[in-house]
């Protein structure tokens with residue numbers, strides 16, 4: 001196993017010439033922009049019900065109208081507007097979950113890796129315990145008990161998905177702990193806080209960024225799965241998972257209603273993963289192992 | 001060796017006890033369990049009766065130790081909805097979830113290992129890039145969505161496979177494929193990186209110099225050494241797959257433990273939920289323990 005704590009020289013230049021990075025950045029950046037400005041660019045109100053105009057197919061299919069680019073759903077709501085609005089929900093879930101789980105995981109992992117000994121034993125125990133708890137099931141149970149809401153989904157996922165942050169933060173901190181420049185900082189008589197914030201954290205940041213992309217992808221997929229099972233983001237919010245769930249009843253008659261939100265989910269998650277892969281290549285290490 | 005096993009075993013038991021406590025506390029999250037069980041239309045008298053019957057009026061710690069005492073003996077109480085022993089309900093469904101998990105794992109291994117080896121042998125070529133594309137697609141595919149698409153294509157349009165249910169082996173094909181998709185990316189990547197490392201080593205060069213066949217070099221000398229990390233990840237993956245079976249079993253109405261869990265969650269049947277969380281966690285703990293032991297047997301350097 002290589003130590004791989006340093007960023008390979010010329011990494012940034014390679015990043016910009018990397019098609020995977022560019023494509024990933026384009027997808028994620030595009031979704032981020034849509035998520036922010038969606039209320040101004042959506043052609044219709046995604047919550048407006050019109051029972052006279054139900055299940056209209058996309059505009060290029062037979063029976064479609066140019067008025068509704070991707071048709072309408074089972075309640076006559078504009079599918080394209082709902083799809084666009086869903087971007088906001090997925091991005092919100094992805095970003096906020098990563099912030100929550102990152103704060104927990106990085107704190108726990110850095111402490112374990114930095115201090116070692118009993119503290120590290122406790123950290124390892126916490127990670128092992130967390131990994132053995134079936135995340136989807138627990139998230140479902142909590143949602144059923146406390147009632148569904150966007151905040152709850154973010155909170156539950158954030159409290160569940162910190163394990164990989166902790167694992168990576170712990171092992172990278174451990175490698176750093178014994179390096180000369182950290183020893184030098186100690187010799188200069190600085191506080192542990194200084195060593196952690198000035199010497200350790202900046203040097204493990206790239207590794208943590210890779211983990212952040214992995215967790216963001218996972219959070220987006222999990223939210224969709226929870227909403228699909230009816231215990232994630234509550235209706236009428238147009239979460240992509242919920243859209244697929246609502247379309248399930250009509251799946252054999254209007255398969256496009258299933259295909260469209262699923263494809264959006266696939267593209268966004270793919271974009272996030274491409275970013276992560278490019279970052280990992282830049283470091284020249286393989287964290288997936 | 002024995003000390004390593006013992007230490008690992010003690011940690012596993014401690015983790016199991018922590019998860020046990022967690023599973024108990026999880027169902028108390030709602031505040032008042034009796035109100036949740038009674039449902040929205042219940043009167044105060046109904047709620048009081050339920051509290052009495054299920055012993056929910058006792059102090060929390062009494063309830064906990066009562067439940068713990070029974071749970072370690074394999075008694076998870078009675079289901080509120082099915083009016084049956086929880087252990088029996090789970091016991092009936094475990095074989096279905098296990099079959100699904102093993103089918104998924106088998107497909108993932110059959111696809112993932114050769115792809116990983118192929119990518120490693122042709123490192124940097126278009127084959128390698130194609131394999132990483134496959135891994136990337138597998139990683140981004142929402143499992144429930146893939147399940148629905150397969151149902152539309154192979155169930156409805158082509159009519160090759162049954163859409164839902166548990167009757168025959170054919171019912172496991174589509175769910176198995178969907179489940180395999182979640183494990184293929186990591187298995188492929190791990191095999192690839194392991195093989196690349198091994199193929200660059202001196203003993204492979206020696207094997208080549210001895211004039212051994214390509215197959216013998218790749219499989220006997222190469223893969224056997226690259227397989228060590230793959231073995232442990234395989235056991236862990238099976239654990240994750242069993243945990244992820246909730247979504248897939250619900251999509252395909254496959255009546256395994258995951259489906260039972262989903263049903264019980266939507267019916268506020270908490271003894272079942274508690275028990276399923278616990279059983280899945282214990283399976284995972286057992287599998288990781290097994291993986292660690294296998295690793296120690298395969299690679300003596302890890303016995304510390």
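Read-outs throughout are calculated quantities, based only on the coordinates presented, and are distinct from any laboratory measurement. Everything numeric here is computed off the predicted structure, so don't read it as measured data. Please note: Cβ atoms are built from the backbone with ideal geometry, for glycine as well, and neighbour counts cover all protein chains shown.
Per residue, what volume in Å³ does the Cα convex hull of segment A:27-155 take up?
Details: hull volume 20.0 nm³, N = 129.
That works out to 155 Å³ per residue.
Partner chain Cβ atoms within 10 Å, averaged over the residues of B:14-22 - can you pull that number for me?
Shielding by partners across B:14-22 averages 4.
Counting only other chains, what is the mean number of Cβ atoms within 10 angstrom of the Cβ of each residue in peptide A:123-133?
Numbers: counts 0, 1, 4, 2, 0, 9, 11, 4, 9, 17, 12.
Per residue, the number of nearby Cβ atoms from other chains is 6 on average.
What's the center-to-center distance, using Cα atoms, between segment A:62-105 and segment B:40-56 in Å?
41 Å
Kindly give Rg over Rh for segment B:67-151, based on alpha-carbon atoms, with the Kirkwood expression for the hydrodynamic radius. Display every interim value, and only then the final one.
Numbers: Rg = 20.9 Å, Rh = 16.8 Å.
Ratio of gyration radius to Kirkwood radius for segment B:67-151: 1.24.
List the relative contact order of chain A as a percent without decimals, with contacts defined as Cα pairs under 8 Å and 6+ residues apart.
Details: 427 pairs, mean separation 75.1, N = 289.
Averaging sequence separation for qualifying contacts and normalising by length gives 26 percent for chain A.
May I ask for the angle, rounded to the nearest 10°, between helix A:256-283 and the longest principal axis of chain A, with both axes built from Cα atoms and the value confined to 0 to 90°?
Once rounded, the angle reads 20 degrees.
Taking every pair of Cα atoms in the protein assembly as shown, average 1/r, invert it to obtain the Kirkwood radius, and report Rg/Rh to two decimals.
0.98
May I ask for the angle, rounded to the nearest 10°, between helix A:163-177 and the longest principal axis of chain A, with both axes built from Cα atoms and the value confined to 0 to 90°?
For A:163-177 against chain A, the angle is about 20 degrees.
Given a Förster radius of 60 Å and the C-beta distance between residue B:102 and residue B:57 as r, what FRET efficiency does 1/(1 + (r/R0)^6) yield to the nearest 0.05? Before the final figure, lay out each step's value.
Working: r = 44 Å, r/R0 = 0.73.
Result of the calculation: an efficiency of 0.85.
If each of residue A:124 and residue B:170 carries a label point 7 Å out from its Cα toward its Cβ, how far apart are those two points in nm?
If labels sit at residue A:124 and residue B:170, their model points lie 5.1 nm apart.
Going by how many other Cβ atoms sit within 10 Å of their own, how do B:94, A:258 line up, fewest first? Could you put the intermediate results ahead of the total?
Numbers: B:94 16, A:258 23.
Listing B:94, A:258 from fewest to most nearby Cβ atoms yields B:94, A:258.
Over all directions, what mean area does the Cα convex hull of segment B:86-303 project, stated in square nanometres? Let's see the in-between values first.
Details: hull surface 57.5 nm².
The orientation-averaged projected area of the Cα hull of segment B:86-303 comes to 14.4 nm².
What list do you get for B:141, A:216, A:42 if you sort them by fewest beta carbons within 10 Å?
On the way: B:141 22, A:216 29, A:42 18.
By the 10 Å Cβ count, ascending, the order reads A:42, B:141, A:216.
Sort out for me the Cα centre separation of segment B:65-84 from segment B:137-196, rounded to whole Å.
35 Å
Give me D for segment B:167-217 in µm² s⁻¹, whole number, from Stokes-Einstein with Rh from the Kirkwood sum over alpha-carbon pairs, 4 °C and 1.567 mPa s.
Values: Rh = 13.9 Å.
For the chosen part, D equals 94 µm²/s.
Under 8 Å for C-alpha pairs, at least 6 residues apart: give me the relative contact order for segment A:21-122, rounded to a whole percent. If you can, show how the numbers build up before the last one.
On the way: 118 pairs, mean separation 24.2, N = 102.
Contact order relative to length: 24 percent.
Between residue A:263 and residue A:41, what is the spin-label point distance in nm, taking each point 7 Å from the Cα along the Cα→C-beta axis?
1.8 nm
When you count, for each residue, the other Cβ atoms within 10 Å and take the mean per peptide, how do B:2-14, B:112-124, A:76-88 rank with the highest first?
A:76-88, B:112-124, B:2-14
Can you give the three extents of the C-alpha atoms in chain A along their principal axes, from longest to shortest, in whole Å?
Its Cα atoms span 76, 47, 31 Å along the three principal axes.
Would you please give the FRET efficiency between residue A:59 and residue B:125, computed as 1/(1 + (r/R0)^6) with r the Cβ-Cβ distance and R0 = 41 Å, to the nearest 0.05?
Working: r = 42 Å, r/R0 = 1.03.
About 0.45, to the nearest 0.05.
Divide by every residue of chain A the summed helix terms, -39500 (n - 2.57) for each DSSP H run of at least 4, and state the resulting mean residue ellipticity at 222 nm, rounded to the nearest 500 deg cm²/dmol.
Values: 11 runs with 192 residues, N = 289.
So the calculated ellipticity at 222 nm is -22500 deg cm²/dmol.
Taking Cα pairs under 8 Å and at least six residues apart, what relative contact order does chain B come out at, in percent? List each step's numbers first, then the result.
Details: 341 pairs, mean separation 78.8, N = 304.
Reported as a whole number, the value is 26 percent.
Between helix B:86-121 and chain B, what is the angle of the helix's C-alpha long axis to the longest principal axis, kept within 0 to 90° and rounded to the nearest 10?
Its long axis makes an angle of about 20 degrees.
If you rank B:149, A:89, A:49 by fewest surrounding Cβ atoms within 10 Å, what's the result?
Details: B:149 19, A:89 25, A:49 14.
The most exposed by this proxy come first: A:49, B:149, A:89.
In Å and from the alpha-carbon atoms only, list the Rg and Dmax of segment B:112-175.
My reading of the Cα-based Rg and Dmax gives 15.7, 45 Å.
So what's the gap between the Cα centers of segment B:232-304 and segment A:161-185, to the nearest angstrom?
30 Å
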